[in-house]
Amino acid sequence: MKSNWLPKLGAAVLILFAGVLALMGNPTYLTPVQSVSEWGDMVTAGMDRVSPLTVSEWIVEDVPGMRIIDVRPQELFARFALPESENIPFDQLMGKAGLSQLSKHGKHVLVCKDGVRASQAWVVLRGMGYECYVLDGGANAWVDQILEGNAVDENPDLALKVHALREEFLGDGAAIGSAPPPPPAPAPVSIPAGGMKKKKSGGC
Amino acid sequence: MRKIESKPYWSPYAAGLGLGIVLLLSYMLMGTGLGASGAFARGLYSVMHLFAPENMEAHSYMGKYFANGANPLNNSLVFVVIGVFAGGLISGVLSGRFKKTVEKGPNIRTSGRFIMAFAGGTLMGFAARLARGCTSGQALSGGATLALGSWAFMFAVFAGGFAAAYFVRRQWQ
Amino acid sequence: MRFPIEAFGGFSAGTGMLVALLIGVGFGFFLERAGFGSARKLTAQFYLKDFAVLKVMFTAIVVASVGFWWLVALGMLDLSVTFINPTYLVSQIAGGLILGIGFAIGGYCPGTSCVAVATGKLDALWYVGGVVFGIFVYSLTEPLFDGFTKLGSMGEAYVWDWLGVAPGVVVLAAVLMAVGAFSLGTWVERRSGNVLKN
């Protein structure tokens with residue numbers, strides 16, 4: 001406590017940095033992608049996609065600010081859709097009218113048949129600074145893993161809970177029996193199956 | 001050993017600066033804050049799992065730690081807490097503060113202090129699970145990231161502490 | 001450089017565990033240096049005799065906060081893959097109150113009790129036993145009040161978002177609040193003259 005000037009200097013530095021920060025306004029939630037190779041790194045790290053189980057957990061938990069955007073054409077969306085999803089077909093989403101419906105404040109789950117279209121949308125939207133994730137495997141995987149219960153989960157935290165809640169989704173998806181989506185194609189992905197690791201579980 | 005005077009504590013600002021940098025590094029490297037009670041829970045659950053594996057895996061609250069054959073100890077928080085023991089021991093030995101003692105005021109017997117420590121620990125273990133974090137996981141980590149609920153938690157902790165302190169003053173004073 | 005490094009796939013599993021261990025060592029080291037291996041030092045806060053708890057905690061919070069939000073502002077830290085404590089107002093306030101009461105009675109918190117055990121405090125062993133017992137009780141009874149713990153759920157809510165200002169404004173307010181509280185604390189400490197030195 002003898003060197004009293006040191007804490008004061010520290011406080012002054014902190015106030016200076018906090019003051020400049022206060023003038024900088026609202027942050028972007030996402031780090032901008034600066035080089036082309038970073039796209040590959042992000043996909044390798046699995047930051048581009050979420051597993052059906054994670055999405056089901058988000059739906060059940062009613063995660064604030066989460067929206068499920070289905071980029072398939074309207075007629076396919078009408079035949080089968082994820083609970084609480086909304087339809088913005090791909091061509092619309094890439095236009096101004098579609099983009100204006102998104103928010104830079106929440107996260108978007110992109111759904112298509114098998115994940116391919118949604119992945120293309122992901123590159124565009126992520127590049128523009130929207131937080132979004134591809135539903136890994138698309139609607140096919142949703143039917144397979146959640147509705148038919150064939151979940152092979154990379155995120156064990158969720159499996160049990162979702163298993164118990166399957167019936168809830170089955171109620172929602174009662175129509176699929178009559179109009180089943182095309183059977184899931186064997187996934188020829190070269191990247192390791194995995195998907196975005198759920199954020200680290202909480203401290204303490 | 002006992003005759004060696006232990007060195008004084010650091011200035012709280014110096015220790016706080018060090019702690020703040022460690023906390024920031026934790027976010028930069030691991031993407032998560034610091035924590036302690038979570039590791040205790042994981043340790044407890046894996047011991048319970050030895051005795052009743054089926055019951056644990058089927059439990060609605062604890063089951064998720066074992067879903068699909070997961071091992072609750074395979075988590076970075078567990079390693080953080082092992083590190084905390086080591087870091088505390090290193091600092092304690094270097095500063096001559098490693099000593100078998102009981103922390104208490106002069107007006108309470110050792111057995112009384114043990115009972116109080118156990119009771120207070122029980123309350124905190126319960127509360128840390130309820131609040132989804134303790135002083136490190138909520139107040140420190142959530143405080144730095146400006147999480148709304150963590151700031152509410154922090155004020156609640158100080159309120160609870162000050163309210164209860166009067167009734168247990170004989171333990172310390 | 002983009003942070004957090006682990007989320008961007010920068011660590012192997014082994015490296016990740018080593019990093020966690022080293023961060024824990026730093027955490028424990030500074031807690032011990034602050035004197036938080038001593039329950040008397042920790043609880044003196046509640047009797048307005050020693051403000052070390054407030055000073056250390058808030059110094060750490062504002063230092064980390066300034067760094068954290070600067071990194072976010074520079075676009076170097078990705079919030080979407082960083083763990084932000086989700087807000088469940090009801091259980092956090094209820095849990096905070098009980099935790100505070102337990103703090104005054106038990107004399108430690110879970111993190112500091114590790115340091116206390118590591119430096120030979122026998123009461124901390126009993127405290128740790130209590131914590132484990134408390135977790136045991138909670139975990140077995142949780143299904144009974146699972147709904148209660150979800151009340152006031154607001155997701156990853158931020159103080160600045162809630163107030164409708166930029167993060168920096170809240171960081172600045174926190175720094176100024178800390179400086180004010182520290183000088184007040186030092187003033188009270190001088191009057192009671194009871195700071196534990198070692």
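The values are calculated or read from the model by the stated rules, or taken from the named source; none is laboratory data. Predicted model only: the values in this text are computed from it and were never measured. When we count neighbours, we look across all protein chains shown, and the Cβ atoms used for this are built from the backbone with ideal geometry, even at glycine. Accessible surface areas use protein heavy atoms only, side chains included; no ligands, DNA or RNA. Shrake-Rupley method; radii C 1.70, N 1.55, O 1.52, S 1.80 Å.
Angle of helix B:110-130 to the longest C-alpha principal axis of chain B, folded into 0 to 90 degrees and rounded to 10: 40°. The apolar share of the surface of the protein assembly as shown, taken as the fraction of accessible area on carbon and sulfur atoms (1.4 Å probe, ligands and nucleic acids excluded), comes to 66 percent.
Take each peptide in A:5-17, B:10-22, count the other Cβ atoms within 10 Å of every residue, and average; sorted highest first, the result is B:10-22, A:5-17.
Taking a ≥ b ≥ c as the square roots of the Cα gyration tensor eigenvalues, with a/c under 1.5 meaning rounded and otherwise prolate when a/b beats b/c, else oblate, which class fits chain C? Rounded is the answer for chain C, as its axis ratio a/c remains below 1.5. Between the listed residues B:Pro8, B:Ile82, B:Tyr45, the Cα displaced farthest toward the positive end of the dipole of the stretch B:1-99, a dipole computed from Cβ unit charges relative to the Cα centre, is found at B:Pro8.
At what distance in angstrom do the alpha carbon centres of the stretch C:14-87 and the stretch A:97-135 lie from each other? Value for the Cα centre distance between the two parts: 35 Å. Accessible surface computed residue by residue for the stretch B:103-173, with neighbouring protein chains in place and a 1.4 Å probe, gives 33 Å² per residue.
Using a 1.4 angstrom probe on protein heavy atoms only, the contact between C and B buries about 10700 square angstrom of accessible area, both sides summed. Scanning chain C for long hydrophobic helices, with DSSP H runs required to stretch 15 angstrom or more by C-alpha along their axis and to average at least 0.5 on the Kyte-Doolittle scale, returns C:13-33, C:52-73, C:89-106, C:122-141, C:167-192.
At a probe radius of 1.4 angstrom, the accessible area of the stretch C:88-152 per residue rounds to 30 square angstrom. The simple spin-label model puts a point 7 Å past each Cα toward its Cβ; for A:Thr28 and A:Glu84 those points are separated by 2.8 nm.
Net charge within 13 Å of A:Leu30 by Cβ-Cβ distance, Lys/Arg positive one each and Asp/Glu negative one each, not counting A:Leu30 itself? So the surrounding residues net to 0.
Computed from label points 7 Å out along Cα-Cβ, the spacing between C:Leu176 and B:Leu94 is 3.7 nm. Taken residue by residue and averaged, Cβ atoms of other chains lying within 10 Å of the Cβ of B:70-82 number 6.
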